[in-house]
Amino acid sequence: MAQRKKVTSDTVALEQRLTNLEADMAKLKKTVDKKQSRRPRKSPWRGPASWLCVALAATLLFAGNLAFWIGNTIVDTDRYVAAVGPLIQKPEIQTALAQYTTTQLFSRVDVEGYVQEALPPRAEFLAPQLTTQLKTQTQNSVKSLLSSQKVQDYWYSSIERRHDAIISFSQSYEGDGTIEISDIFSQLSKRLDGTKLGFLSDKQLPDSVGSIKVATVGWLPVLHKVSTNIGLYQAVTTLLLIGFSVAAVMLSTKRRRMVITLGFVFAVTMLATLLATRITGSVAASQVAQTYQSAVQVAYNTIMHSFVTQTVTLLLISILMVLVAWLSGPYKSANLAKARINAFLAGRLHQSIFSKGENGFTLWLGKYKRHVQWICILLIAIVMLLVQLSPKLIVAYGLLMLVSALVVELLAANKPSK
């Protein structure tokens, strides 16, 4: 009898365990079904569409990088002067200008003939040597003049006035590249407003005079479109870049891997831009005489310095994007890296501020930790696009991105283990 009761109790226990196991299996099945329902359904067109969005996003990143540089350097007078002004201070530029000016002067004036006439008949053989010395002295004098503060100040003020005049003229110009007297007069009359000649500011030239053609500038319509619409171009490329990047991630079945892919493609695009910029400078220098090649290379590097700085910034942001997406993923290498970082930090900052307990802020930050990190990085990236960058500022902003991500990581509460 006792044996029968024991068998019965064991059977009941097994049935209870089986019932519990079936309930757990049902819960697990619901959880799996729920997760699968959240994942994008596989479709034959999703993969190609996702990669098309990646390609378009990379193209827009290149176009947006160029548009921001044009808007912040070429169209803006202050930044244009800041980019072009230092040219006159470069020794290579001063030497090339002095050499070119002296060569043009001596090619148009028969200096050797004048020297020969001034010498006695028996000393005429000294004319070539004296002409060479005179040419060297002239070149040194021109170079010394170019290095003077007065000439450099005039250079800065001159390019500022001319650039401002060109941009103002291009913004109000609506022709096909043909410049007439009426176009020039309209620009001059605007500058007369408020002066003693202000009565001419609202006058119009007769058609017989105003329609006289002065010159044809083919690039003027392009400059008009760029100078008046550069803000629109920047906004459109930025919005499209964000839109196609988001679309690429949403269309992908492995979204984290797609974020890493986007960052890698962006980094490669910026690296290719830097290589293309360098090659373009070498090609431009090779198109002039060898005497002036070093000056052309220095001038190109000086003008393109802000563009290179901006491109390097985007390259670093892309690399940081890859690192953040990789470190926050479930990869073995990322887990190993995080374990070593956690071992180094040991969570002491978090415990020293909040002790062993948590509050609403740390719990909220732990739930939306990745979103907050990406928002911080995006805001810093936007600031970097709006300010004039230097190598030191690039490093500073890069460190700021890294520190902000680490601060959020340290302050956020850990998700409870299930």
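The length gained by stretching the chain between residue 109 and residue 222 to full extension, at 0.36 nm per residue less their Cα-Cα distance, is 36.7 nm.
Estimate the FRET efficiency between residue 150 and residue 287 by the formula 1/(1 + (r/R0)^6), using the beta-carbon distance for r and 41 Å for R0, to the nearest 0.05.
Using R0 = 41 Å, I get an efficiency of 0.80.
For the pair residue 16 and residue 334, the difference between a 0.36 nm per residue extended length and the Cα-Cα distance amounts to 110.3 nm.
Computed from backbone phi, the HN-Hα couplings of region 47-57 come to x, x, 5, 5, 5, 5, 5, 4, 5, 5, 5 Hz, rounded to whole numbers (Karplus: 6.51 cos²θ - 1.76 cosθ + 1.60, θ = phi - 60°; Gly and Pro given as x). The protection proxy used here, the mean number of other Cβ atoms lying within 10 Å of each residue, ranks peptides 80-86, 132-138 as follows, highest first: 80-86, 132-138.
Bear in mind these aren't lab numbers, they're just calculated from the coordinates by the rules spelled out. As the structure is a computational prediction, the values presented were derived from the model and not from experiment. Neighbour counts run over all protein chains shown; Cβ positions are idealised from the backbone, glycine included.
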